[in-house]
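Here's the structure, in structure tokens; my notes come after.
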Amino acid sequence: MQIKKQSKHYDAVIVGSGAGGGMAAYTLAKAGLKVCILEAGAMYDPQQNITQLKNPWESPRRGASTKFRPFGDFDACYYGWDVEGEPYTKAPGTEWDWWRARMLGGRTNHWGRISLRFGPKDFKRRSIDGLGDDWPIGYDDVKPFYDRVDKLIGIFGTNEGLENDPDGFFLPPPKPRLHELFIKKGAAISGVKIIPSRLSILTKKINDDRGVCFFCGQCNRNCSMAKADFSSTNVLIYPALATGNIDIIPNAMAREVLTNEEGLATGVSYINKDDMMEYQVTGRTVILAASACESSRLLLNSKSKRHPNGLANSSDVVGRYLHDSTGASMGGVLPQLFDRKRYNEDGVGGMHIYSPWWLDNKKLDFPRGYHIEYWGGMSQPAYGFGGGIEGLNGKFAVRGTQKEAGGYGKSLKEDYRYFYGASVGMAGRGEAIPLYDNRCEIDPNVVDRYGIPVLKFNVKWSEHEILQAKHMKETFDEMMHNMGAIVTWGGDYNKANNYGLESPGKIIHEAGTARMGSDPKTSALNKYNQAHDCKNLFVVDGAAFTSQADKNITWTILALSMRASEYIMSEMKKQNL
Amino acid sequence: MNRRETLKLLGVGAISGTALVGSSKAQVPVQKEQEDPVFNYDRAKEELAREKQLIAQGNFFTKEEMATITILADIIIPKDEVSGSASDAKVPDFIDFIVRDMPQHQVPMRGGLRWVDMQCLKRFGKPFRECTEKQQIELVDLIAFPNKAPKELSQGVSFFNRLRNLVASGFYTSEIGVEDLGYKGNTPNQWNGVPDEVLKQYNLSYTKKELKECIKFD
């Protein structure tokens, strides 16, 4: 077997093309640097690969999910929970669900566009509650980059002057939908704060390259038509490709970061999934953005004389402190909305309102907060429509007639129409405490189809997260009651089922596995996402996070990747790299 | 199309029903010409390979099973003053595809159809598809209402719940079904908030803050 070495030497070799990799590629290429992106999945162009505005009948499975598209047949993300030939393992008695997008742009092609800045407290949690660790940076360090990401990418929302949910540069949000007005009512009675959501969707034009939202509610299909939502492909990679400074190598599964005698990174070796040949590409810097766990796997698999415990891992923290957002949810129906008038309420692809964390943990039995996301209303029918009607049509009178549950025929058709559009649901997304023992490491016995050793996960929720989920569920129950809704699922929570707390990994906000810190003995990266042990190696995805707040992490990944990329350029100018 | 016409089209009317329930012939899947599926929306490479394989498999259900599914589907969703029937919306074809796509449906569906036939055989001496409409409804009435169904028919109730769900999935995601529901979206528009008359109906209004801050279109 022969290893093919590319002759071209790049300023940066970037592994991964999602939020972190896309932003690094964009920032560096726009400044004139030569960049190579290695992407483990297929090429994908939202302008060519279209699922937007398709009708359910155009899919033979009517939008149902498959292994290739776990979020549905029109969802824009390739792969997810189960990637062919790429297994992972778990320590006995532990759970971890690992989402892996395999395509250019990664999961940004389908994500929820919930774009929340961290607040000042989110960087200093240990100082507040004594748990976990403080970041080596604070809000003021990141604020200028959040501001620039807001303006570059575009986001709607409102300035509310909240201490830990900072203001930004927001486009106008859309008005709440009908069910959202009922949620507001219920929340007000329960004392839950509701504000307009903050999504990276353009409600107004911000430049000539992108259009504006036309309210089809399909951001998860990626906005092929108007480029009005943020995806790494539409907003960063394809615009940056126009500079001519980027080469993309798709279907390139990174095997190892290569290092020299001095322990510096020289490039990346990878297998091309198309021809199954081994390749090497070299660069002045190596930037990992393969997703928290993949980047850590790559570091752990990059052992050398100078880095015997894996690259950037003299501290032994790589793979540790793995944590996901907590999640619990509940759904039901709003009887007020039975038999409702029909009109188009697709709106943007996601909620128009949300609840930032509104309570003081000093008065609660768990640390850290959560935000609440909402949904409901008259959405496009898809596989699963009307499922379990027998649980509804015997419970509520239909147009004044009490029926027997189940049934068939004309009467049943009336029921489907009657209940359509009356659903409502909510989900909490909270902050977990990163723990030293919650980790992924290299499984000593298992390799993937490319011969690359795979990750073995060992993650357990602590009492903190379980109690947080309990609070979520109790809050949801109360809000549902206060808005007049009847709970139809998610109401069965108790100690035995961890109060409905989703298994870790399920919320797809994994972070912390190569965390930044001031002390090289207890962290892998410094405050510029630069490896303590290898100065020309950077990690710009969720792995760098010391903690992840009760905020979805994408906006912070983007801001930190932009910041790290500018640091790289300044260090290059100073001849330090 | 009514159920009898559907049967005629399928070529499995009463005259072909000499076998009691199953036959060796009945186990042979309907063979379709193999052709590459056409998609007007994005398919990744490995995904397309699987789609081709699903199509190439040919029908999962036998002619007789399809006939039974068609009758049951049209009992669940018949034509009414608003819209057509399940078979008008090609729901049986959808069901055949979805059981290939989701193998977890295969045993419960095949077994459930056989359960129905065996019940009919015991009660009426014929498989379901050959029973009179009255007999068919008599059987359906026994399993379509979970809370009052006889306990000993619980397997039939489970089957009917599953079938009802699949029929609803297939029908309300068809062009006919989406129109029936009155779903108005999936088209470029400008969201200007809940229509005034609807706000009025529910005695709701937007706050001054919302009216000031939110995007509006004239």
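The values are calculated or read from the model by the stated rules, or taken from the named source; none is laboratory data. Quick caveat: nothing in here was measured; it's all calculated off a predicted structure. For neighbour counting, all protein chains shown are included, and Cβ atoms are generated from backbone atoms with ideal geometry for every residue, glycine included.
The requirement of being surrounded by fewer than 20 Cβ atoms within 10 Å (Cβ to Cβ) and hydrophobic (A, V, I, L, M, F, W, C) is not satisfied by A:LEU525.
For A:GLY157, the criteria (1) over 30 Å from A:ASN526 (Cβ atoms); (2) of a type outside the set (Ser, Thr, Tyr); (3) surrounded by fewer than 24 Cβ atoms within 10 Å (Cβ to Cβ); (4) without any contact (Cβ under 8 Å) to a residue 60 or more places away in the chain hold in every case but one, which is (3).
Among the residues of segment A:56-113, those that are farther than 21 Å from B:PRO103 by Cβ and of a type in the set (S, T, N, Q) comprise A:THR89, A:THR94, A:THR108, A:ASN109. Candidates are the residues of segment A:221-275 that are among the polar types (S, T, N, Q) and assigned to a loop (DSSP other than H, G, I, E, B); the one that is nearest to A:TYR450 (Cα to Cα) is A:ASN251. With respect to being more than 7 Å from chain A (Cβ to nearest Cβ) and either modelled with pLDDT of 95 or more or within 25 Å of A:ASP415 (Cα to Cα) (or both), B:LYS184 falls outside the description. Would a scan of segment A:329-340 turn up a residue that is part of a helix (DSSP H, G or I) and either in contact with a Ser or Thr (Cβ under 9 Å, 6 or more places away or on another chain) or buried (at least 24 other Cβ atoms within 10 Å of the Cβ) (or both)? Scanning segment A:329-340 turns up at least one residue that is part of a helix (DSSP H, G or I) and either in contact with a Ser or Thr (Cβ under 9 Å, 6 or more places away or on another chain) or buried (at least 24 other Cβ atoms within 10 Å of the Cβ) (or both).
Within segment A:321-374, being charged (D, E, K, R) and touching a helix residue (DSSP H, G or I) at 6+ places or on another chain (Cβ under 6 Å) holds for A:ASP339, A:LYS341, A:ASP365. Filtering A:ILE372, A:ILE389, A:ILE433 for residues that are buried (at least 20 other Cβ atoms within 10 Å of the Cβ), within 23 Å of A:LEU178 (Cα to Cα) and under 23 Å from the mean Cα position of the chain (by Cα) leaves a single hit, A:ILE372. Residues that are basic (Lys, Arg) and in contact (Cβ under 8 Å) with a residue 12 or more places away in the chain: does segment A:404-414 have at least one? Among the residues of segment A:404-414, not one is basic (Lys, Arg) and in contact (Cβ under 8 Å) with a residue 12 or more places away in the chain, which makes the answer no.
Checking A:ILE486, A:ILE507 one by one, the residue that is surrounded by fewer than 17 Cβ atoms within 10 Å (Cβ to Cβ) and touching a Gly at 6+ places or on another chain (Cβ under 7 Å) is A:ILE486 and no other. Out of the residues in segment A:45-70 meeting the condition of being more than 8 Å from chain B (Cβ to nearest Cβ) and surrounded by 18 or more Cβ atoms within 10 Å (Cβ to Cβ), tell me which one is farthest from A:ALA290 (Cα to Cα). Only one residue tops the list, namely A:GLN52.
Taken over segment A:360-414, the criterion of being part of a loop (DSSP other than H, G, I, E, B), more than 10 Å from chain B (Cβ to nearest Cβ) and over 29 Å from A:PRO56 (Cβ atoms) is satisfied by A:ASP360, A:LEU364, A:ASP365, A:PHE366, A:PRO367, A:ARG368, A:GLY369, A:ALA397, A:GLY400, A:GLN402.
With a requirement of 1 or more residues that are within 11 Å of chain A (Cβ to nearest Cβ) and in contact (Cβ under 8 Å) with a residue 40 or more places away in the chain, the helices (runs of 4 or more DSSP H) lying completely within segment B:80-176 that satisfy it span B:91-101, B:133-143, B:154-172. In segment A:488-509, the count of residues that are part of a strand (DSSP E or B), of a type in the set (A, V, I, L, M, F, W, C) and more than 14 Å from chain B (Cβ to nearest Cβ) is one or more. Taking the criterion of being among the hydrophobic types (A, V, I, L, M, F, W, C), assigned to a helix (DSSP H, G or I) and within 14 Å of another protein chain (Cβ to nearest Cβ), would at least one residue in segment A:119-142 satisfy it? Within segment A:119-142, not a single residue is among the hydrophobic types (A, V, I, L, M, F, W, C), assigned to a helix (DSSP H, G or I) and within 14 Å of another protein chain (Cβ to nearest Cβ).
Taking first residues from segment A:364-384 that are without any contact (Cβ under 8 Å) to a residue 12 or more places away in the chain and partners that are not in a loop (DSSP other than H, G, I, E, B), no Cβ contact under 9 Å between residues at least 6 apart in sequence or on separate chains turns up. Take A:TYR78 and decide whether it is away from every other protein chain (no Cβ under 12 Å) and crowded, with 18+ Cβ neighbours inside 10 Å. Answer is no for this residue. I'm checking my understanding of the structure. Among residues of segment A:148-182 that are more than 14 Å from chain B (Cβ to nearest Cβ) and basic (Lys, Arg), which one is farthest from A:SER231 (Cα to Cα)? The extreme case among them is A:ARG148. Applying the criterion of being in a strand (DSSP E or B) and out of contact with any strand residue (DSSP E or B) (no Cβ under 7 Å at 6 or more places or on another chain) to the residues of segment A:1-47, the residue that is nearest to A:ASN536 (Cα to Cα) is A:LYS8. Here is a check on your reading of the model: is A:GLY517 under 21 Å from A:SER200 (Cα atoms) and at pLDDT 95 or above? Against the criterion (under 21 Å from A:SER200 (Cα atoms) and at pLDDT 95 or above), A:GLY517 does not qualify.
Restricting A:ARG113, A:ARG100 to those that are touching a residue at least 40 places away in the same chain (Cβ under 8 Å) and on the phi > 0 side of the Ramachandran plot reduces the list to A:ARG113. In segment A:189-220, of all residues being more than 20 Å from A:GLY72 (Cβ to Cβ) and outside any loop (DSSP other than H, G, I, E, B), the one that is nearest to the other protein chains (Cβ to nearest Cβ) corresponds to A:PRO196.
Among the residues of segment B:188-208, those identified as at the interface with chain A (Cβ under 8 Å from one of its Cβ atoms), assigned to a loop (DSSP other than H, G, I, E, B) and either of a type in the set (S, T, N, Q) or within 12 Å of A:LEU181 (Cα to Cα) (or both) are B:ASN189, B:GLN190, B:ASN192, B:GLY193, B:VAL194, B:TYR202, B:LEU204, B:TYR206.
Going residue by residue through segment A:94-105, is there one that turns out to be under 19 Å from the mean Cα position of the chain (by Cα), part of a helix (DSSP H, G or I) and more than 14 Å from chain B (Cβ to nearest Cβ)? No, segment A:94-105 contains no residue that is under 19 Å from the mean Cα position of the chain (by Cα), part of a helix (DSSP H, G or I) and more than 14 Å from chain B (Cβ to nearest Cβ).
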